[in-house]
Structures are given as structure tokens and as C-alpha cells.
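The values are calculated or read from the model by the stated rules, or taken from the named source; none is laboratory data. What you are looking at is a predicted structure, and each value in this text was computed from that prediction instead of being measured. No Cβ is skipped: glycine too gets one built from the backbone with ideal geometry, and neighbour counts run over all protein chains shown.
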Amino acid sequence: MSSDLQQLLHGLIEADLTLRLGCLRSGVADIKQHAWFKDTDWLAVYYQQVSVDTWRMSLKFFYLLLADRTTTRKAICGRI
């Protein structure tokens, strides 16, 4: 796993809401500007011009990393 991805995941599952990526002053912009998304064309995403398979694989990857970690789900969702 790349260090950019590790940093992104740790930022997203940070238990402290004042430090969690996406909950900071810039909100979702902090997530979109993260180094792991550096090659992401957000306008293409908005206009649905990216391959669905690309996003499906990314979401599946995140799910597999987080799916069986109850404490991680709790940290992200605030509940189980």
C-alpha cells in the first residue's frame, strides 16, 4: 500500500473529528486535493466521464480495507 493511500485512510478514519480529513475547515476539498487523488479529473467524475469500473474497483478496495474492522466503521460512521 502506498504511503499516500495510508495517509488518506488514516485521515479518513481519524477518531478525533477536529482532525479527520473531510471534517476540517476546507471540508471535502481536503479529500479531493489529497496526494492519492492527484491524477483524478474531478470534472470528468462530475460529468460521469470516468470509467465506472475504475471507481467500482476503488470503492471495493476501500471496502475490503475497512469492512471487517468494527472500530474503523465506528470511527467513520460514528456508530456500528
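Listed by first and then second residue, the pairs linking a residue in the range 35-58 that is under 15 Å from LEU5 (Cβ atoms) and at pLDDT 70 or above to a residue that is in a loop (DSSP other than H, G, I, E, B) and of a type outside the set (S, T, N, Q), with Cβ atoms under 9 Å apart and 6 or more places separating them unless they lie on different chains, are THR40/VAL50.
Taking the conditions exactly as written (modelled with pLDDT of 80 or more, of a type in the set (A, V, I, L, M), in a helix (DSSP H, G or I) and surrounded by 11 or more Cβ atoms within 10 Å (Cβ to Cβ)), does LEU24 satisfy them or not? No, not satisfied.
When ILE76 is tested against (1) modelled with pLDDT of 85 or more; (2) surrounded by 13 or more Cβ atoms within 10 Å (Cβ to Cβ); (3) of a type outside the set (D, E, K, R), exactly one condition is not met: (1).
Among the residues examined, GLN6 qualifies as surrounded by 11 or more Cβ atoms within 10 Å (Cβ to Cβ) and either part of a helix (DSSP H, G or I) or over 15 Å from the mean Cα position of the chain (by Cα) (or both).
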